[in-house]
Amino acid sequence: MYDVFVLMQEVMRHSHKLMHKNLEPYGLYKGQPKILGLLSHHESLSKKEIAEKFKLAMPTVTKTIERLEKNGFVSTFQDSTDKRRTLVRLTEKGQSIHRELIEFKRSYSETIFEGISHEELSQMKAVLEKVKSNVLEYPHEKND
């Protein structure tokens, strides 16, 4: 079982490395594409809604949004009904980058799953869902 765990770690490490290499030319960092993806499905969201969706601390979201805004991928504005809320929306540039990233992920997925049948992929998905559930249920005390 341990060898499967090590293999999963290796796959994730290589995958993260490749993703970072492909995000770099856009000025994007890990975590930012998922925020662009979330915003692509909404007209706008508050920073708090983004933080809750991804279970992130507010300072992390604020810093990430600031970087995305600096690069022109998102814009921020005050909620007209509640001036305390800052809303975030994708810019045209952000929408364009998001579309490019989706195409890259599609192409990447096709490449890494080449030669694997639909049945094998379905089994893999089911197993990974179980692994994810086990990870989420792992007692936090053991991690300390």
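The values are calculated or read from the model by the stated rules, or taken from the named source; none is laboratory data. Here the structure is a predicted model, which is why all the values come from computation and not from measurement. Cβ sites come from the backbone with ideal geometry, for glycine too, and all protein chains shown count toward neighbours.
So, restricting to helices (runs of 4 or more DSSP H) that lie completely within the stretch 1-83, which ones have at least 2 residues that are closer than 26 Å to VAL127 by Cα and not small (Gly, Ala, Ser)?
By residue number, 2-23, 32-39, 47-54.
Can we say THR111 is hydroxyl-bearing (Ser, Thr, Tyr), surrounded by 12 or more Cβ atoms within 10 Å (Cβ to Cβ) and out of contact with any Leu (no Cβ under 9 Å at 6 or more places or on another chain)?
no
Report whether or not ARG67 is surrounded by 12 or more Cβ atoms within 10 Å (Cβ to Cβ), of a type in the set (Lys, Arg) and more than 20 Å from VAL11 (Cβ to Cβ).
Answer is yes for this residue.
Identify all residues within the stretch 1-29 that are modelled with pLDDT under 90 and surrounded by 11 or more Cβ atoms within 10 Å (Cβ to Cβ); write none if there are none.
Answer for the stretch 1-29, where residues must be modelled with pLDDT under 90 and surrounded by 11 or more Cβ atoms within 10 Å (Cβ to Cβ): SER15, HIS16, LEU18, MET19, HIS20, ASN22, LEU23, TYR26, GLY27, TYR29.
Taking the stretch 68-102, which residues are touching a residue at least 12 places away in the same chain (Cβ under 8 Å) and of a type in the set (S, T, N, Q)?
Selection gives ASN71, SER75, THR76, THR86, THR91, GLN95.
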